[in-house]
Each structure stands twice: as structure tokens, then as C-alpha cells.
Amino acid sequence: MDRNQQLFEKAKTIIPGGVNSPVRAFGSVGGIPRFINKAQGAYVWDENQTRYIDYVGSWGPAIVGHAHPEVVQAVCQAAKNGLSFGTPTENEIRIAEEIRHIMPSMEQIRLVSSGTEATMSTIRLARGFTGRDNIIKFEGCYHGHSDSLLVKAGSGLLTFGNPSSAGVPEDFSRHTLVLPYNNVEALQQTFANKGDSIACVIVEPIAGNMNMIPATTEFVRALRELTERYGSVLIYDEVMTGFRVALGGAQSIHGIKPDLTTIGKVIGGGMPVAAFGGRADIMANISPLGAVYQAGTLSGNPVCVTAGLKTLEIIQRPDFYTTLSKHTRQLSDGLTAIAREANIPFSSRSEGGMFGFYFTDNLPSCFADMQNTNQILFKEFFHAMLSRGAAFAPSAYEAGFVSAAHSSEIIADTLGLAAEAFTEIARTV
């Protein structure tokens, strides 16, 4: 029995399912999760000391590469001064100013500790600001595990969502309307029928939790126009896309100014910190200024904020995104070309350092499209690559990430492994 398997069996005796976040359990792909004990640059090493080219990147934050020496040095220096104070610090102001400089729509900012906390708080804030109860989310968009967002669509465009997790009372989710992603007609119809009761629309502007699916131009325009017309709050959930797809996030690509934005991952440089912010008149409703309560003992943790400040500094250096985008396209285009040479149905796309690939010839545009991709081929590819030393997300519904540490040579090495994997898979198709 290898070390990973030993640890997984031990973990299952004390940790539910053996993991502290469900996707880590390899439930959708089968096999034994890799227990990582070291990461450096574009690589991670498991407990067997096996090295992998890493395309998970801690689910996004490792944009400058794992254990970047400048980030590590900054964190070590901050830790010497104390791990947590529970008081305001100057660096909280500095990182908020830096975020606002990069994302001007975030006129005022509140730091929190996780993406779930950020999205939960924006929805509470939108409800408090508008005095309305209903919210709109979209199939396949994940906004954390707060109760009102753990819902799935019912039959029909205007059906209120039903809980998709045990432990969520129907009363908690009955104010959540779930619509198909990229469906302008459904959005228009819902606002026509319920517009005066809708507090907010929350959306992943480039979805990363049904693999990578970008919002269409028409969909984005409809989101902005309808929320403005009906006085609803438009929330861009950029926890995954913020600073990943472009320096200014997806909103800079879309040319959209959302009312509120949630960000995370990158602004912690790999440590647990997130934020939400937006229009000053909306943010004025957050305590201690307003009646919408939100708090966090570890919010603005000094060590986490220091890691984030250094990461934000690095990503603003000349040509950072030009090079990152180039290497991500090299991977995405290369995988597509190799798969099609092997006569395997496959397509891929990328934006900045974020990419998605799908075992279908047609690029998906919504959750239903993703459900029709070939899950069996994905599982075979995942394990074929893992056994060769390249680690992708263990789910067909997760986007992937390239970091600044992924050189053109590392991408080429990955494509060489992919050629072997696709040849192996082609024998079974």
C-alpha cells in the first residue's frame, strides 16, 4: 500500500470522507487522492515523493507559482510580528487601495476570510439595500456553500429553487430563482414577472465550476440592463476569475461595472483571504455604518494580507499577463490539436491563466451542455495524465489554471504526456 493510500484510509477514520473539501476525495474520477507535502513553482510532490506538473494551483491562487520566494519571504517577515491581532492594521488599508486601483468598480471594500463568506455577505447586503428578498443565480454557477445558494433549478423558468444539499430548509431557498446560464430570454421573462421583488443577480462572469464557460456578450448586456432597469443589484462573483483571466478581472474584459464584486484566492497569495466591495452607497449599509451585519475575527489577517500585497505587486509587472495568456493558449490549443489527431471528441478554451477542456467537439455554453460531455473519456484522460506526472482537477466540472511558473517548456512537456495519454485512450474509443 502506498503512502497516499495509507493516509487516505487513516483520514477516513477521523475526517468525514477523508477530506476537508469534497472534490478532493476523487469521488467523480475514482482512485486515491494524492496527499501533497510540497509545492514549488509549477510542481507539486505527493507523499510518495512523486512529482506532478500542477494545473490545479490550489484552485486558483497560485498564479505566480507555488512558494514564490518573494511571497514566502514577505509572509515569514509578517509572521515574526504576530499571526493575528483582531485589530485594524495599516496593510488592510494598503491592500484595499490596491484592489480598488486595479478594480475601480470596488469603491469600498470589506475583507473576509473565504469566498463563501464574501458571496454570502454580498447577498445579505443586496437584500438589506433593496429591501427585497428574491435573488437570481444560474445553473452551474457555484458561489460557496451558504444555504440560500445551495439550490438547483426546478422545472420551468420561474420555479423557485429546491435545496440541493441536505440540511437546507426549503424556506431558506424559496427566494432563490435558478435560471439557465447564458439564456437571455429566461432572464428577461423572470424580470418581467418578478422584477420588483428581485434584490440581486449573482453570476460567475466566466463560470469555473461547470468547467470554464464564459458569459456571452448578449447575456452580459442583458444582466446589466435589466438590473439597472428594475433597481436590482448586479453581483459579479470573481472569486475565481479575479486577477486570473485579466488583471482587472472578467469585468474589465466585459467592459461592465457591476454594483458589487466578490474576489478571493489570488488576493491571499495562497492564504485564506477574500473580499467584497462595490458602490459606496451600497457598502454604506454594512455595519458599523448601516444595519446589515457582517463580521469576522480573522478578517484582514496580517499574514494573509501581506501575502496578497506581494502577489498583487508581482502580477502588475510588465508582460505578466501577456506571457501567462500565451502559455495558457499553448496548452489549450495544443491539447485540442493532439486530441483531434487521435480522433477523440475534444474542445478547449482559455482566458488569461484560466482554461477549460471538454470531451465534446462543440464548446459548451451552459450547464446542460456540460452534462452532455463524455465523462468516461474525461476520467480516462485524468488518470492517464496523473500516472504520467501531470495533475488536473479531479472533476470534469472544474476549470484549470496555469501559473507564471509554467514555462513554455513545461507546457511542451505536458503536451508530450498528453500525446501518450490520448493515444492510450484512442485504443478504447
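The values are calculated or read from the model by the stated rules, or taken from the named source; none is laboratory data. These numbers were taken from a predicted model, which means no experiment stands behind them. Methodologically, a virtual Cβ is constructed for each residue, glycine included, from the backbone with ideal geometry; neighbour enumeration extends over all protein chains shown.
Just give me the residues in the stretch 397-422 being within 24 Å of the chain's Cα centre (by Cα) and either at positive phi or at pLDDT 95 or above (or both), in sequence order.
Applying the first criterion (within 24 Å of the chain's Cα centre (by Cα)) to the stretch 397-422 yields 397-407, 410-411, 414.
A399, G400, F401, V402, S403, A404, A405, H406, S407, I410, I411, T414, listed by residue number.
Going by the conditions given, is V168 of a type outside the set (K, R), at pLDDT 95 or above and outside any strand (DSSP E or B)? It is false that V168 is of a type outside the set (K, R), at pLDDT 95 or above and outside any strand (DSSP E or B). E225 meets all of the listed conditions (1) touching a residue at least 40 places away in the same chain (Cβ under 8 Å); (2) assigned to a helix (DSSP H, G or I) but one, namely (1). Within the stretch 44-55, residues that are assigned by TED's automatic domain parsing to the domain that holds L386 sit with their Cβ atoms under 6 Å from residues that are acidic (D, E) and surrounded by 20 or more Cβ atoms within 10 Å (Cβ to Cβ), at 6+ positions apart or across chains, in these pairs: V44/D54.
The lone criterion from (1) in contact with a His (Cβ under 6 Å, 6 or more places away or on another chain); (2) surrounded by fewer than 21 Cβ atoms within 10 Å (Cβ to Cβ) left unmet by H406 is number (2).
Could you figure out which of (1) assigned to a strand (DSSP E or B); (2) under 23 Å from S113 (Cα atoms) isn't true of Q77? Failed condition: (1).
Kindly provide the set of residues from the stretch 236-256 that are outside any loop (DSSP other than H, G, I, E, B) and under 15 Å from the mean Cα position of the chain (by Cα), ordered by number.
Quick first cut of the stretch 236-256, residues outside any loop (DSSP other than H, G, I, E, B) only: 236-238, 242, 246, 249-254.
Result: Y236, D237, E238, G242, A246, G249, A250, Q251.
When A79, A118 are screened for being under 21 Å from D281 (Cβ atoms), of a type in the set (G, A, S) and outside the structural domain of S350 (by TED's automatic domain parsing), only A118 passes. Would you mind telling me which numbered condition in (1) in contact (Cβ under 8 Å) with a residue 24 or more places away in the chain; (2) touching a helix residue (DSSP H, G or I) at 6+ places or on another chain (Cβ under 8 Å); (3) not assigned by TED's automatic domain parsing to the domain that holds A280; (4) not in a loop (DSSP other than H, G, I, E, B) G17 fails? Among (1) in contact (Cβ under 8 Å) with a residue 24 or more places away in the chain; (2) touching a helix residue (DSSP H, G or I) at 6+ places or on another chain (Cβ under 8 Å); (3) not assigned by TED's automatic domain parsing to the domain that holds A280; (4) not in a loop (DSSP other than H, G, I, E, B), G17 violates only (1).
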